[in-house]
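Engineer: If you scroll down you'll find the structure; I have some questions about it.
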Amino acid sequence: MCQTACMPRSQDAFDALLRHIQPGVICDVGSMDATESLRFRHLCPSARVIAFEANPHNYARILLDPQVKAAGIEVVHAAATNMEGEAIFHVLEPTADKAWAKGASSLRKSASGAGVPTREVTVPALRLDGYLSGVAGHIVLWIDVEGAAAEVVEGLAGIADRVAAIHIEVEHGEFWEGQETAGAVLARLRAMGFRAVASVADWSGQDNVILIRPELVRRVPLLVHMARLQRYLRALALRARRVAPSVSLYKR
């Protein structure tokens, strides 16, 4: 029981890391409704918090949220990717029984069709290393972009040496057409000098991974180590049931 109930979510571990780092800039990439941005503002009152949202419907709702305005969160209507200009964005239209579609739109087409109405729209596109080129101090990124993580990672190459920590959602299968899956995305980040310190399963086929830049973050909070332990315990439990675990513990 305690194996699952007593262990932190990736969000809890990342929040502890934010408190420890107190970065100058926090980016909520693929914000959907700015929930994460509002939490980041509470955790780091002096930070510049930026919510990037490409879905025009979600962006409009964020702008109308009085909490977002009161918190002084910068809201940017754009897809953070590996290019500047415009991009085709695939908007999934939520239905009464599929409200989850609100947060499942992507630069890539759903590989399964998703079972909801979808339409293509043209949205502004930007690279994070262009948008944040003049920023001083440590940067932290929360990336949840539905199959387009590799493009976001490519687009932060120019500021990688200033990014202290990243929380990123990755997939182990091709849920969106042509996407890079977890191994390839994490290999890109390792090549940039980041080290994975925790990984927590989100739901079947997806993981939330926390990475740090070791020269900027010398120590990590206890909750991050507990998140690493959670994966290890899960793997042991699966082995005990004679079911092979699909992923393994990240080593320091």
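Engineer: For the range 62-153, with only Lys/Arg (+1) and Asp/Glu (-1) charged at the beta-carbon, what is the dipole magnitude about the Cα centre, in debye rounded to 20?
Structural biologist: That gives the range 62-153 a dipole magnitude of about 140 debye.
Engineer: May I pose another question? Net charge around GLU177, counting only other residues with Cβ within less than 14 Å of its Cβ (Lys, Arg = +1; Asp, Glu = -1)? Provide the component values of the computation, followed by the final result.
Structural biologist: Values: positive: ARG108, LYS109; negative: GLU120, GLU146, GLU151, GLU171, GLU174, GLU180.
Once all neighbours under 14 Å are counted, the net charge is -4.
Any read-out appearing in this document is the output of simple, stated calculations on the displayed coordinates, not a laboratory observation. Note that the structure is a prediction, hence the values are computed from the model and not measured. Because the Cβ atoms are built from the backbone with ideal geometry, glycine has one as well, and the counts that use them run over all protein chains shown.
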